[in-house]
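A.B. asks: One structure is given below, represented as structure tokens, and several questions about it will come after.
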Amino acid sequence: MKPQGDTTFLSESDVQGMTKLGLKLENPYSVENMKKAWENLKSSQPNGRISGEDLEITSTHLYIQFKPKNEYELAILQRDSTLILYTYPLDYEIEQAGDFYHDPELPLDRPTYQYCAVEVDKKLPEGVEFEILEELFIPDEDYDNNENQTNGRIASSGTMEALVDEALRITGNLEEEASDFSNARRSKWRPAGRIQLFDDELNRLIGLSGAKVRARRWFTTHEGITDANGRFSCNGRFRRDANYSIKWERNDFDIRSGSIGQAILNGPKRRGDWNHDIRNGSQRMYAIVNQASSDYYYGNRLGL
């Protein structure tokens, strides 16, 4: 740890195992970029179906950076179960996955910044400083009807998907496979899978229960809790790839990476199930603590 005056910051040894961020990405879901994408779609089809659709692009969500000054303020945020908090910014590449993240500019005795996206009318917890990083327009990816109306905005599901593709394209974030217009209507998929833990007493893999698994695509996150067999299914669907992760916490407990920050397991970015075996290392320790804590708070306490 590197002291500066009476304050201690991350040292070279501290950042071993920490998530490493890459480039900052241009945000396709900003209101400004979504408006550009909508104008591009209309101008490319002046007499087409899109020209007759009505879509008002204004803020549906806010991208927020919370700045808790101490553990008490961090606890205020964590008490709000509707906030899906990340310890790293959501508009950066993850260059190297790690067990935790702590902003290098912050001293170690101060919680790192917390990032999330919330609906515009969401009442935020009081007593914690925050900054609105961006106003967002996020079309709902989990719709079933051909026509959709969200907050007064009417457009077909195909138009919504084309809008998102165009916003991704103009910001340099459209994956190669998504640019194949022969697959313009990608089917929806639900993040799911199985997480297993190696039990050295039984000498075999067992299902890890009570782990909070998250699947995130940009600012939208769907969550699921593993059952007794380690299986999970998240509470929403995507049309494109999503980043899987496990945040080693629940409402009643929180597992830290040493004394520095929130313990996490960053999984793959993919479309389809995530099946993962935890066999050794720090992640096995977090998984065992999570299992024991989950059993204590939510399992059978043997009548106690």
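A.B. asks: From R214, R204, which residue is of a type in the set (K, R), at negative phi and under 21 Å from the mean Cα position of the chain (by Cα)?
C.D. replies: R214
A.B. asks: Within region 84-107, can you find the residues that are among the polar types (S, T, N, Q) and open to solvent by 60 Å² or more (accessible area, probe 1.4 Å)?
C.D. replies: Passing the criteria: only Q96.
A.B. asks: Right, here's the next one. Looking for something open to solvent by 20 Å² or more (accessible area, probe 1.4 Å), touching a residue at least 40 places away in the same chain (Cβ under 8 Å), part of a strand (DSSP E or B) and of a type in the set (F, W, Y) - is there at least one such residue anywhere in region 62-83?
C.D. replies: Looking for residues that are open to solvent by 20 Å² or more (accessible area, probe 1.4 Å), touching a residue at least 40 places away in the same chain (Cβ under 8 Å), part of a strand (DSSP E or B) and of a type in the set (F, W, Y), one finds none in region 62-83, hence no.
Residue-by-condition table, conditions (1) under 24 Å from F219 (Cα atoms); (2) within 16 Å of the chain's Cα centre (by Cα); (3) modelled with pLDDT of 95 or more:
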residue	(1), (2), (3)
Q16	no, no, no
A75	yes, no, no
Q78	yes, yes, no
D109	no, no, no
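A.B. asks: If a residue has to be within 12 Å of the chain's Cα centre (by Cα) and aromatic (F, W, Y) to count, how many in region 217-236 make the cut?
C.D. replies: Residues in region 217-236 being within 12 Å of the chain's Cα centre (by Cα) and aromatic (F, W, Y): 2 in total.
A.B. asks: In region 87-102, how many are within 9 Å of I264 (Cβ to Cβ) and in a strand (DSSP E or B)?
C.D. replies: Within region 87-102, residues that are within 9 Å of I264 (Cβ to Cβ) and in a strand (DSSP E or B) number 1.
A.B. asks: Same structure again: Quick check on region 169-193: of everything there that is among the aliphatic types (A, V, I, L, M) and modelled with pLDDT under 50, which residue is farthest from K212 (Cα to Cα)?
C.D. replies: A184
A.B. asks: Let me ask something else. What number goes with the only condition from (1) surrounded by fewer than 17 Cβ atoms within 10 Å (Cβ to Cβ); (2) more than 25 Å from I246 (Cβ to Cβ); (3) of a type outside the set (S, T, Y) that F130 does not pass?
C.D. replies: (1)
A.B. asks: Determine which member of the set R256, R239, R250 is more than 20 Å from Y101 (Cβ to Cβ) and either at pLDDT below 95 or open to solvent by 50 Å² or more (accessible area, probe 1.4 Å) (or both). Show your work before the answer.
C.D. replies: Working: R256 fails: more than 20 Å from Y101 (Cβ to Cβ); R250 fails: more than 20 Å from Y101 (Cβ to Cβ).
Answer to the selection: R239.
A.B. asks: Now, a different point. So is Y29 touching a residue at least 12 places away in the same chain (Cβ under 8 Å), within 28 Å of E249 (Cα to Cα), crowded, with 16+ Cβ neighbours inside 10 Å and not charged (D, E, K, R) or not? Explain how you work it out, then say what you get.
C.D. replies: Values: touching a residue at least 12 places away in the same chain (Cβ under 8 Å): yes; within 28 Å of E249 (Cα to Cα): no; crowded, with 16+ Cβ neighbours inside 10 Å: yes; not charged (D, E, K, R): yes.
No, not satisfied.
A.B. asks: So which residues in region 108-127 are assigned to a loop (DSSP other than H, G, I, E, B) and open to solvent by 80 Å² or more (accessible area, probe 1.4 Å), if there are any at all?
C.D. replies: Result: D109, D121, K123, E126.
A.B. asks: Looking at this structure, is S233 surrounded by fewer than 16 Cβ atoms within 10 Å (Cβ to Cβ), of a type in the set (G, A, S) and either farther than 24 Å from L90 by Cα or in contact with a Lys or Arg (Cβ under 8 Å, 6 or more places away or on another chain) (or both)?
C.D. replies: yes
The values are calculated or read from the model by the stated rules, or taken from the named source; none is laboratory data. Every value quoted in this text rests on a predicted model; they were computed, and no experiment measured them. All Cβ positions, even for glycine, are placed from backbone atoms using ideal geometry, and neighbour counts span all protein chains on display. Ligands, DNA and RNA are excluded from the accessible area calculation, which covers all protein heavy atoms including side chains. Shrake-Rupley method; radii C 1.70, N 1.55, O 1.52, S 1.80 Å.
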